[in-house]
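The values are calculated or read from the model by the stated rules, or taken from the named source; none is laboratory data. Computed from a prediction, not measured in an experiment: that's the story for all the values here. Please note: Cβ atoms are built from the backbone with ideal geometry, for glycine as well, and neighbour counts cover all protein chains shown.
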Amino acid sequence: MLPRSADLIYNLMMLVANWVLLYLGSRLARWRTSRLWLLGFAIFGSTLLAGLGAIAAKLIALRLDQHLFGMARLFSYALFIHGVIFFAAIAVIAMWGGRRSRTRRHRFDGSRKLAIASFLIALTLALVGAYAFLIEPYWLAVSRHQIVSSKITAPIRVLVIADLQTDVWSNYERKALLTAQAQNADLILWAGDYIQADSTEFLALSTKINNFLQAIELNAPLGNYAVQGNIDYDNWPQIFFDLPIQTITTTQTIELPGLCLTGLAWRDSFSTKQQVAGCGDRFHIVLGHAPDYALGEIDADLMLAGHTHGGQVRLPFFGALMTASKIPRAWVAGLTNLPDDRALLVSRGVGMERGYAPRVRFLCRPELVVIDLLPAA
């Protein structure tokens, strides 16, 4: 089954389910004038619709061999398209049923309240869906942090660019790289996952990105260093061909003025048993794609990573719905202070999961990360 066919089949199934439920709801409004009947139906119908949507999403996703991302994509249709249709229609049915019983004032008032509540639910779903799919994924933030250390002798500005993870070259990607250039960083670190596309599209996209980087001259006094992400092809260094960006394909430590940098191979960044030796009295930065390595024996002052996208979708009081990492949920975005004067900073990334995943962010804006390393007073 092709992804486009799966989308079509799923949405047709949900439309049929929606139509059947709403037809029954309209008949119920005709037969039963009590608002409690319609309220009960609205609760039952929305629960049934969500359940059917989840089951169908799971079955089709398994058929596509897409599992979690495929299920999330399909269920987002159920929530933000078919859920909106259902509650908007319930609002109309409730008002219609209430007007049929105007002689019973309390019933009309109750139906009107149900109609207003249903309309507000539909409106909320529509607005949240529009924001999460159309606005937040392209609302780039520049997150700034300061770290003070006695190992730093002069201020150093570090820029972290994680998870560009694109399958298209658009104004958003151009704006992100121009914003990166404007930070005037002393050291630029690329945390992997640059292009998520098939091999043919990869060649075209890597050429476009390379040409743009050549044009804007994204340089830094202490250099540009890039590690590989788990979605990157083996020929990923081609993205940075003939640019002043050093690609790191095996775990290694590089001595730089004022600090030392360890870049991890992508598999090493996923290892919770990874070991990295320290750099003596020099400030030590470790750069890996995934943050899992932070659970290992890492003798570093600052550990940097991407990969998690901050969860992409976060809920109040809960955090990231999924992390794709073994680190604690509280660590998957932002700066976390760890024992032994160490810090872990995980970027939410510039892009988002592509392929068959839903193109969505919620309460988790994309970001560039700027870290100012400052000497202790």
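A few points about this structure:
- Criterion applied to P339, P291, P316 was being on the phi < 0 side of the Ramachandran plot and crowded, with 24+ Cβ neighbours inside 10 Å, and the one residue passing it is P291.
- Selection within the stretch 300-316 - farther than 24 Å from Y138 by Cα and either assigned to a strand (DSSP E or B) or without any contact (Cβ under 8 Å) to a residue 60 or more places away in the chain (or both): A300, L302, M303
- Residues that are touching a strand residue (DSSP E or B) at 6+ places or on another chain (Cβ under 7 Å), closer than 16 Å to D186 by Cα and not in a strand (DSSP E or B), drawn from the stretch 253-286: G258
- Pairing each residue of the stretch 55-81 that is basic (K, R) with any residue that is modelled with pLDDT under 70, provided the two are 6+ apart or on different chains, yields C-beta distances under 7 Å for R63/M1.
- Near pairs, Cβ below 6 angstrom, 6+ apart or cross-chain, from the stretch 120-133 (in the same structural domain as A78 (by TED's automatic domain parsing)) to any residue that is not β-branched (V, I, T): I121/F87; A122/F87; A122/A88; L125/F80; L125/G83; G129/F80; A132/F362
- Index of the failed condition, A162 passing every other in (1) among the hydrophobic types (A, V, I, L, M, F, W, C); (2) more than 14 Å from V369 (Cα to Cα); (3) crowded, with 17+ Cβ neighbours inside 10 Å: (2)
- Test: residue in the stretch 192-201 that is touching a residue at least 60 places away in the same chain (Cβ under 8 Å), within 16 Å of Q246 (Cα to Cα) and more than 21 Å from the chain's Cα centre (by Cα): no
- Just one of the listed residues (Y293, Y356) is touching a helix residue (DSSP H, G or I) at 6+ places or on another chain (Cβ under 6 Å), farther than 19 Å from A180 by Cβ and either aliphatic (A, V, I, L, M) or not in a loop (DSSP other than H, G, I, E, B) (or both), and it is Y293.
- Hits in the stretch 319-330 - residues which are surrounded by fewer than 22 Cβ atoms within 10 Å (Cβ to Cβ) and touching a strand residue (DSSP E or B) at 6+ places or on another chain (Cβ under 6 Å): L321, R329
- With respect to the stated conditions, V142 fails to be buried (at least 17 other Cβ atoms within 10 Å of the Cβ), modelled with pLDDT of 95 or more and not in a helix (DSSP H, G or I).
- For the stretch 317-338, the set of residues classified as touching a Leu at 6+ places or on another chain (Cβ under 8 Å), touching a residue at least 40 places away in the same chain (Cβ under 8 Å) and either hydroxyl-bearing (S, T, Y) or closer than 17 Å to V350 by Cα (or both) consists of G334, L335, listed by residue number.
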